[in-house]
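Encoded as structure tokens, the structure appears first; notes follow it.
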Amino acid sequence: MANTKYIFVTGGVTSSLGKGIVSSSLAALLQARGYSVTIQKLDPYINIDPGTLNPYEHGECFVTDDGAETDLDLGHYERFLNRPSSQANNVTTGRIYQTVIEKERRGDFLGKTVQVIPHITDEIKNRIKKLGETGEFEIVITEIGGTVGDIEALPYIETVRQLRWELGDDCLVVHLTLIPFLSATGELKTKPTQHSVKTLQESGVQPDILVCRTEYALSDDMKRKLALFCNVKQEAVIESRDAFSIYEVPLLMQSEKLDEVALKGLGLPTVGEPDMTRWKEFVHKLKNPVTEIKIGLVGKYIELKDSYKSIVESLIHAGVSNRVKVNIQWIHSEKLSVENVNEYVKDLDGLLVAPGFGQRGFEGKIKAVQYARENDLPFLGICFGMQAAVIEYARNVLNWKDANTSEVDENSKHKVIDLMEEQKKVTDMGGTMRLGACDCELSERSISREVYKRSMISERHRHRFEFNSNFKEDFEKAGMKATGVNPETGLVEIVEIPKHPWFVGVQFHPEYKSTVANPHPLFEAFVEAALTHNKK
Ligand code: GLN
């Protein structure tokens, strides 16, 4: 294969401009032209990974097949590219320093003083090039977290400077920036972008492409001005207008020719157009649903919707498959009680109880499950949501009133959810859960088997507690079946209630595997069941 090409994406002016979506959109366009592309995120914080972060800090923690706990942007990369990513796709400052310090302790630096330049920047470089060196990718897109000018982002920007020098035409810098609209004067303003590019230039990095987030169209005049002040070609000033959905962004970027400008910059041929036919169909269906349904999403982090990013996106994908707009009713599990549960859930078509940790809000989740079970409301419980369903069944059907998970009540006589054996010796919290892809064997004549149309599946995990198999027989006799089991350990991965129209609890996280090209079958079936419920 010819040299791997590298694209760096930096951000300026403010955070939350959507670097992840722009990177994913560019990658999707290049992929649709036939290139093999991967995207990597470099995060400037000192945590080794976001696994130990509270969702309020950082939104959802995304999990890869190989069990890496990563930034939620990796979810976008996978949803846009329909390609699994891995540990190598997300690197934090913490991990960089950890590696360098381990090398220092081993004596690898042969008596040298260990410094940010070259040791930290070399390690960052290694992590960037590692993806190229797999030989799997023609183009590696590296998104630099944070905003230029941040103290903690400096070593990354310095690494980009060094790599530009080393790689020459094999690399390109895209700078994402904001063109604010001042309502007082009714104008778009380019000055913040000029300053942000200057900051980048002060670090020795000249961007090749400016992607400009804006509420309104950029005039040619404005593009000319930006090109002049920022040393880029006018065709490389790309307008990125606010979109109806993130899934529209690749199409907007295509109409601005972002892919073409990028290929030119990398010295790659620009003939033809990316084939976005299927993507366009998806967006068309997304914009033109036939009907609407309402799904209740019960969780305790709902003040920050990003905490449930992959679930929300999976529901959107499944909505498109079913030609239905899925409206989410956010339900705060801490606010649910026996007295008010009906108020919160009464006109729903389906109920999804989300993953989570710890006692706060857990009783509310159990109340929500009870409502769904008793009222034939389609139910999907994910991870802690599945565990809540098991506990609810134990308390209200098996009549074990004290049933609980040992995560919440160590002293219960009916710990129907209990700490996994291998977790008992764990003391460190970081990276020690049961993580990543595991197999699961599905029972004949179950919803799961019907939905997946296969007997063996692989799904991703992130948990410490499990269904307590000592009680399995009691549950099965009482009508809750274990329909998915890990073939090696016997661990229960799926529970269903065959008497209920659609009641499925999964120990794994199907939401991590739903993509635009392959909406997840479990979400598709859940939305379909909700649609049926709605028609009744
Ligand atoms: N807290 C539960 C466990 O660790 C569920 C985890 C989750 O929902 N991701 O098993």
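Counting only residues that are touching a strand residue (DSSP E or B) at 6+ places or on another chain (Cβ under 8 Å) and farther than 18 Å from V173 by Cα, give me the strands (runs of 3 or more DSSP E) lying completely in the range 1-109 with at least 2 of them.
90-92
Restricting to the range 375-385, name every residue that is more than 27 Å from the chain's Cα centre (by Cα) and either within 16 Å of the ligand (Cβ to nearest atom) or touching a residue at least 60 places away in the same chain (Cβ under 8 Å) (or both).
Of everything in the range 375-385, those that are more than 27 Å from the chain's Cα centre (by Cα) and either within 16 Å of the ligand (Cβ to nearest atom) or touching a residue at least 60 places away in the same chain (Cβ under 8 Å) (or both) turn out to be D376, L377.
Going by the structure shown, is F362 within 10 Å of the ligand (Cβ to nearest atom) and open to solvent by less than 20 Å² (accessible area, probe 1.4 Å)?
Yes: the conditions hold for F362.
What tally of residues in the range 468-479 results from selecting those that are within 16 Å of the ligand (Cβ to nearest atom) and outside any helix (DSSP H, G or I)?
Final tally of qualifying residues: 1.
Of the residues L419, L377, L435, which is more than 30 Å from N47 (Cα to Cα) and open to solvent by less than 60 Å² (accessible area, probe 1.4 Å)?
That would be L377, the only listed residue that is more than 30 Å from N47 (Cα to Cα) and open to solvent by less than 60 Å² (accessible area, probe 1.4 Å).
Looking at the range 351-374, I want the residues that are aromatic (F, W, Y) and have a partner that is more than 10 Å from the ligand (Cβ to nearest atom) with Cβ atoms under 8 Å, at least 6 apart or on another chain. Which pairs are those?
What qualifies is F362/S333; Y371/V341; Y371/N342; Y371/V345; Y371/L351; Y371/L377.
Report, by residue number, each residue of the range 309-321 that is open to solvent by 10 Å² or more (accessible area, probe 1.4 Å) and under 23 Å from R373 (Cα atoms).
V312
Only one of these conditions is not met by S443: (1) open to solvent by 40 Å² or more (accessible area, probe 1.4 Å); (2) closer than 30 Å to D49 by Cα. Which number is it?
Just one mismatch for S443, condition (2).
Here is a list of conditions, (1) modelled with pLDDT of 95 or more; (2) more than 11 Å from the ligand (Cβ to nearest atom), and F465 meets all of them except one; can you say which number that is?
Failed condition: (2).
Taking the condition at pLDDT below 95, open to solvent by 10 Å² or more (accessible area, probe 1.4 Å) and away from the ligand (no atom under 15 Å from the Cβ), does K401 pass?
no
Given the options S245, S196, name the one that is closer than 21 Å to F8 by Cβ, at pLDDT 95 or above and either open to solvent by less than 10 Å² (accessible area, probe 1.4 Å) or within 32 Å of the chain's Cα centre (by Cα) (or both).
Being closer than 21 Å to F8 by Cβ, at pLDDT 95 or above and either open to solvent by less than 10 Å² (accessible area, probe 1.4 Å) or within 32 Å of the chain's Cα centre (by Cα) (or both) holds for just one of S245, S196, which is S196.
Out of the range 162-193, which residues are within 16 Å of G149 (Cβ to Cβ), open to solvent by less than 50 Å² (accessible area, probe 1.4 Å) and not in a strand (DSSP E or B)?
P192, T193
Which ones in the range 323-377 are of a type in the set (A, V, I, L, M, F, W, C) and assigned to a helix (DSSP H, G or I)?
Listed by number, the residues that qualify are V341, V345, F362, I366, A368, V369, A372.
Is it true that some residue in the range 291-303 is touching a Leu at 6+ places or on another chain (Cβ under 7 Å) and assigned to a helix (DSSP H, G or I)?
No, because not a single residue in the range 291-303 is touching a Leu at 6+ places or on another chain (Cβ under 7 Å) and assigned to a helix (DSSP H, G or I).
Confirm whether E303 is surrounded by fewer than 21 Cβ atoms within 10 Å (Cβ to Cβ), among the charged types (D, E, K, R) and without any contact (Cβ under 8 Å) to a residue 12 or more places away in the chain.
Taking the combined requirement at face value, the residue does not satisfy it.
Every residue in the range 174-187 that is closer than 22 Å to N231 by Cβ and either over 32 Å from the mean Cα position of the chain (by Cα) or among the polar types (S, T, N, Q) (or both), please.
T177
Give the residue, chosen from L491, L522, that is in contact (Cβ under 8 Å) with a residue 12 or more places away in the chain, in contact with a helix residue (DSSP H, G or I) (Cβ under 7 Å, 6 or more places away or on another chain) and either under 23 Å from C61 (Cβ atoms) or away from the ligand (no atom under 16 Å from the Cβ) (or both).
The unique qualifying residue is L522.
How many residues are at pLDDT 90 or above, in contact with a strand residue (DSSP E or B) (Cβ under 7 Å, 6 or more places away or on another chain) and either within 10 Å of the ligand (Cβ to nearest atom) or on the phi > 0 side of the Ramachandran plot (or both) if we restrict to the range 407-432?
4
Residue by residue through the range 455-471, note down the ones that are out of contact with any helix residue (DSSP H, G or I) (no Cβ under 9 Å at 6 or more places or on another chain) and of a type in the set (A, V, I, L, M).
If the condition is that a residue be out of contact with any helix residue (DSSP H, G or I) (no Cβ under 9 Å at 6 or more places or on another chain) and of a type in the set (A, V, I, L, M), then M456 is the only one that fits.
Here are some conditions: (1) modelled with pLDDT of 95 or more; (2) out of contact with any Leu (no Cβ under 9 Å at 6 or more places or on another chain). I382 meets all but one. Which one does it not meet?
It fails just one condition, (2).
Give the range 26-40 a look and list any residue that's out of contact with any Phe, Trp or Tyr (no Cβ under 8 Å at 6 or more places or on another chain), open to solvent by 10 Å² or more (accessible area, probe 1.4 Å) and either under 16 Å from E78 (Cβ atoms) or among the aromatic types (F, W, Y) (or both), or say none.
Result: Q31, Y35.
How many residues are more than 21 Å from the chain's Cα centre (by Cα), outside any helix (DSSP H, G or I) and closer than 25 Å to A394 by Cβ if we restrict to the range 418-463?
10
The values are calculated or read from the model by the stated rules, or taken from the named source; none is laboratory data. These figures come from a predicted structure and were not determined experimentally. When we count neighbours, we look across all protein chains shown, and the Cβ atoms used for this are built from the backbone with ideal geometry, even at glycine. In case anyone asks, the SASA skips ligands and DNA or RNA and just uses the protein heavy atoms, side chains included. Shrake-Rupley method; radii C 1.70, N 1.55, O 1.52, S 1.80 Å.
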